[in-house]
Amino acid sequence: MRNEPKLPASQDGTVPVLAIRSPLCCRTVGISVESASSSIAAFFDLDKTIISRSSTLAFGPPLYRRGLISRSDAIRSAFGQVVFRLAGADHRRMERVRAQVSRLCRGWPAELVREIVSLHLDDLILPYVYAEAESLLAAHRGAGEDVIIVSTSGQEMVGPIGTVLGATGVIATRMAVAHGCYTGEVEFYAYGEAKASKVRELAAARGYRLADCFAYSDSITDLPLLEVVGHPSAVNPDRALRRIAIQRGWPVLTFGTHSPAIYAAARMTALARQNLPAQRM
């Protein structure tokens, strides 16, 4: 069993994480439950834990350019990003986003959404990866532990992000698809207690010892996820989660800088695409 690193805490209980600065592993990884794995896993929320923005709202501009959402929806998406960065995502906001996404995506071609995510991952997501999160992901991988991203965002977005970040697998929301298009129905909503339940299922399937596992999140809505493991940490927590973390003696981590390695890689990819006969977006 690997002990948690002892990090100096400030007076308010916040623990600054020192970046290891190792380059992020950009490789294709399997997400099969049947694959061989460690007995310890680290479960990471995505938005405001690994990246500094909402992964769902981030794709508003290209969705608008491809005619999938209206101009007013694109403006609301941009405004939602500002609110998310400043105030986080409480239960009410999360339910509103869920209802909005379900309404908007009805009839969208699933393959087109996957294409948009693939084309814009480098400019809309990777520059917003926290350097401290990159270091922590690398530390868990270096210790031989599995890394699982657990996000309320859709599988179509979280899956490719997980691949780039070197995750062992992802747990994400799944939308129903019929005849190649989204129906607007939610097959699995990765939120609240559902996250914890899926983590317990995964642990049983892969043999994780949850008492030895780690979990990281920014939101009080992920309290069930944090409580299911033996080593929970609050990352950039909202007020409610910060209060509980301090009461229970959980580490409170502050992530604030973006990864220069990830940003440089994203810029190189974007510049390379400019020299190709790229598809008009």
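Could you work out the relative contact order of region 108-262? I mean the mean sequence separation of Cα pairs under 8 Å and 6+ apart, divided by the number of residues, in percent.
Numbers: 234 pairs, mean separation 33.9, N = 155.
Worked out over region 108-262, it gives 22 percent.
The length gained on full extension between Glu201 and Ile246, counted as 0.36 nm times the residue separation minus their Cα-Cα distance, comes to 13.3 nm. With the highest mean first, a sort of the peptides 163-170, 45-52 on other beta-carbon atoms found within 10 angstrom per residue produces 45-52, 163-170.
Tell me, in nm to one decimal, what length is gained between Glu187 and Thr254 on full extension, where the rule is 0.36 nm per residue of separation less the Cα-Cα distance? Present the calculation step by step, with values, prior to reporting the outcome.
Details: separation 67, 0.36 × 67 = 24.12 nm, distance 3.38 nm.
Additional length available on full extension: 20.7 nm.
Close amide-amide hydrogen proximity is noted between Ala215 and Phe43, His231, Ser233, each under 5 Å apart and 5 or more residues distant or on a separate chain (H modeled in the peptide plane; Pro and chain starts excluded).
Under a 5 Å amide H cut-off, with hydrogens placed 1.01 Å from N, Ile171 pairs with Ile149, Val150, Ser151 among residues at least 5 apart or on other chains.
Under the simplified labelling scheme, the Arg209-Arg239 pair shows an inter-label distance of 4.0 nm, with each label point 7 Å from Cα along Cα→Cβ. Dipole magnitude for region 93-246: about 440 debye, using +1 per Lys or Arg Cβ and -1 per Asp or Glu Cβ, origin at the Cα centre.
Distance between the pseudo-spin-label points of Arg103 and Ala178 (7 Å out from Cα toward the beta carbon): 2.1 nm.
Computed 3J(HN,Hα) for region 164-176, one whole-Hz value per residue from the Karplus formula 6.51 cos²θ - 1.76 cosθ + 1.60 where θ = phi - 60°, is 5, 7, x, 6, 6, x, 9, 10, 8, 5, 10, 9, 6, glycine and proline marked x.
Values in this text are rule-based calculations from the coordinates and carry no lab data. All values derive from a computational prediction rather than experimental measurement. Quick reminder, even Gly has a Cβ in these numbers, built from the backbone with ideal geometry, and neighbours come from all protein chains shown.
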